[in-house]
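A quick write-up on the structure given underneath.
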């Protein structure tokens, strides 16, 4: 029987984990062998995923498939995968693969994730969960049909180090009643390397880093209830190895976002203009201000209008770091559930991304 999201939440459903090929496992699974296959192996595989999985005992890098046979062979040689495939569907037919990392551009996230779940594989997919909320919902539905499998999205990483401290300070009313939030974000996209992000064919409704930043904001503020947005394209051409291409994803977005408890947030992003100062978030409360410098990983606070902002110490117990691969493997082995980020959360941030684009296109406020 397929359960809806509401039914799962009402039952406080926590799925047991299933080890492919060995049946239900109730004992110690710390040494369970897990074969991992990669669909796509670009920069994040090199910098994060491959080193992360290699550091976990019992995890084997079984196979990889990239956009071309040549790039698949290069990835296998560089990262140490045992084999390559001609198509991602061939990877899903390999009995040695227990878990699939979907590290492609968003256009394949839904197709590969759903097929992997239906073939009995656990799934870790990159952020920008899907092309749009409809695809994200289909991915969630597939995961609910296979509750014995782990379905996880690579979380927004920019604020892992400060999330717990921000939640605590806001709950303690360290700056009084939170009234407004202002986020400015510029850069973060290399036009030559990340040209696909300006192509709707590959990126869908994702606009710059809007969804990924929103995911982090929702950890402290809850999920948005409405959004009013505007977009603009100042640089219509993006450079690629094959020459300039026309962009049909905006390089500027401004959004007024309504969060619970009457909190309003202004998000302004540009890929082609340098906004004043570093990428930062300001929290304005009735009794003070918090300032989060994302690049420098620094949190500051001031409680009076004429008081300079002072550094806030992040306790070691509250500071988190990247542990995506470890969390994924722990969940497969029964050592815990996915905290950051499950498919439910991904559907919520994709719904926000869609709403922002709809608002910009229609010039209207969209409720979420």
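Each value in this text was obtained by applying a stated rule to the coordinates, not by laboratory testing. Computed from a predicted structure; not experimentally measured. For neighbour counting, all protein chains shown are included, and Cβ atoms are generated from backbone atoms with ideal geometry for every residue, glycine included.
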Review point. Got the relative contact order for the chain handy, in percent, Cα pairs under 8 Å and 6 or more residues apart?
Key: 19
Check your understanding: Based on the mean of other beta carbon atoms within 10 Å per residue, what is the order of 247-257, 130-140, 51-61, most packed first?
Key -> 130-140, 247-257, 51-61
Check your understanding: Fully extended, how many nm does the chain gain between residue 358 and residue 322 (0.36 nm per residue separation, minus their Cα-Cα distance)?
Key -> 9.7 nm
Practice item. Against the globular-protein guess of 2.2 N^0.38 Å, express the Cα radius of gyration of the chain as a ratio, rounded to two decimals. Key: 1.02
Point to revise | Neighbour-count ranking [beta-carbon atoms within 10 angstrom, fewest first] of 330, 96 | key: 96, 330
Point to revise | Percent RCO, i.e. relative contact order, over the stretch 163-321, from Cα pairs under 8 Å lying at least 6 residues apart | key: 30
Practice item. Please work out whether the stretch 249-312 counts as rounded, prolate or oblate from its C-alpha gyration tensor, where a ≥ b ≥ c are the square roots of the eigenvalues and a/c under 1.5 means rounded, while otherwise a/b larger than b/c means prolate and anything else oblate? Key: oblate
Review point. So what is the relative contact order of the stretch 215-254, in percent, for Cα pairs below 8 Å that sit 6 or more residues apart?
Key: 38
Practice item. Tell me what the chain gives for mean residue ellipticity at 222 nm when only DSSP H runs of n ≥ 4 count, each as -39,500 (n - 2.57), the sum divided by the residue total, rounded to 500 deg cm²/dmol. Key: -8000 deg cm²/dmol
Exercise for review: Give the whole-number value, in cubic angstrom per residue, of the convex hull volume spanned by the C-alpha atoms of the stretch 31-182.
Suggested key: 155
Review point. How many nm separate the modelled label positions at residue 177 and residue 307, each set 7 Å beyond the Cα in the direction of the Cβ?
Key: 2.0
Review point. Taking the Cβ-Cβ separation of residue 297 and residue 82 as r and a Förster radius of 56 Å, what is the calculated FRET efficiency to the nearest 0.05?
Key: 0.90
Revision key, fill the gap. With 0.36 nm assigned to each residue of separation and the Cα-Cα distance removed, residue 71 to residue 33 gains 11.0 nm
Check your understanding: Sorted by average packing, counted as other Cβ atoms within 10 angstrom per residue and highest first, what order do 279-288, 149-158 take?
Key -> 149-158, 279-288
Practice item. Please label the shape of the stretch 302-368 as rounded, prolate or oblate, based on the square roots a ≥ b ≥ c of the eigenvalues of the alpha-carbon gyration tensor (a/c under 1.5 means rounded; beyond that, a/b larger than b/c means prolate, else oblate). Key: oblate
Exercise for review: Figure the gain on full extension for residue 273 and residue 93 (residue separation times 0.36 nm, minus the Cα-Cα span) and round it to one decimal in nm.
Suggested key: 60.2 nm
**Study point:** Average projection area in nm² (convex hull over Cα atoms of the stretch 163-321, one quarter of hull surface)
**Key:** 10.3
**Study point:** Of all DSSP beta bridges in the chain, antiparallel share, percent nearest 5
**Key:** 60
Practice item. Can you tell me the 0 to 90 degree angle between the C-alpha axis of helix 109-118 and the longest principal axis of the chain, rounded to 10? Key: 40
**Study point:** Rounded if a/c under 1.5, otherwise prolate or oblate - the stretch 254-368, Cα gyration tensor axes
**Key:** oblate
